[in-house]
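Colleague: First the structure, which I've put down as structure tokens, then a few questions once you've had a look.
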Amino acid sequence: MQMNKNEGGMGSMAEINVTPLVDVMLVLLVVFILTAPLIVPQSMKVNLPKTQAVTLQEKNKKMELVIESSGALTLDGKQVSDKELERALSAASSNPEAALAIQADKGVPYGRVAEIMAISQGAGVVKLSFVTLAGGGAK
């Protein structure tokens, strides 16, 4: 009588357990997903063309707001209070392209800058930019 390999328990298992293989592949996939964005910009050697600077003609010039270290505000060269700033920004917000460039002194507390941002957004001017000096490192 022939004994079937599976019945007696003496035969070897003919299947491969793929669970460890799947685990290793998932770990490798995660590693590649995390490291790929770090590797690609360094490996791409692109020589960008050089052109002359082009000045864009803006339909509406950005409003420039200077915040002095004391917290005083100057909008386009004119001293303004918080209420006057809000009124000016509300009037400018009728244009969807209205933008505000903020030049805050290094000594201005963050809370004051946040107040100005809230006034601007409350008035409807949501395009904000911060003007800084280029080339200076953090000290």
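Colleague: Hey, if we sort Ile119, Ile33, Ile16 by accessible area with the 1.4 Å probe, largest down, what's the order?
Modeller: Sorted descending by solvent-accessible area, the residues read Ile16, Ile33, Ile119.
Colleague: For the stretch 70-139, run through the GluC sites (Glu not before Pro) and keep only the ones in DSSP coil with at most 10 other Cβ atoms within 10 Å of their Cβ.
Modeller: Hits after loop and neighbour filter: Glu97.
Colleague: Assuming R0 = 41 Å, what is the FRET efficiency of Ser90 and Tyr110, from their Cβ-Cβ distance, to the nearest 0.05?
Modeller: FRET efficiency, Ser90 to Tyr110: 0.95.
Colleague: Heavy atoms only, probe 1.4 angstrom, no DNA, RNA or ligands counted: give me Met117, Met25, Met63 ranked by accessible area, highest first.
Modeller: Result of the area sort, largest leading: Met25, Met117, Met63.
Colleague: Continuing with this model, one more query. For an R0 of 30 angstrom, estimate the FRET efficiency from the Cβ-Cβ distance between Ile16 and Leu38 and round to the nearest 0.05.
Modeller: Efficiency for this residue pair is about 0.30.
The values are calculated or read from the model by the stated rules, or taken from the named source; none is laboratory data. None of the values given here were measured: they were computed from a predicted structure. Note that we place each Cβ from the backbone using ideal geometry, even for glycine, and neighbour counts take in every protein chain shown. Keep in mind that these areas ignore ligands, DNA and RNA; they rest on the heavy atoms of the full protein, side chains included. Shrake-Rupley method; radii C 1.70, N 1.55, O 1.52, S 1.80 Å.
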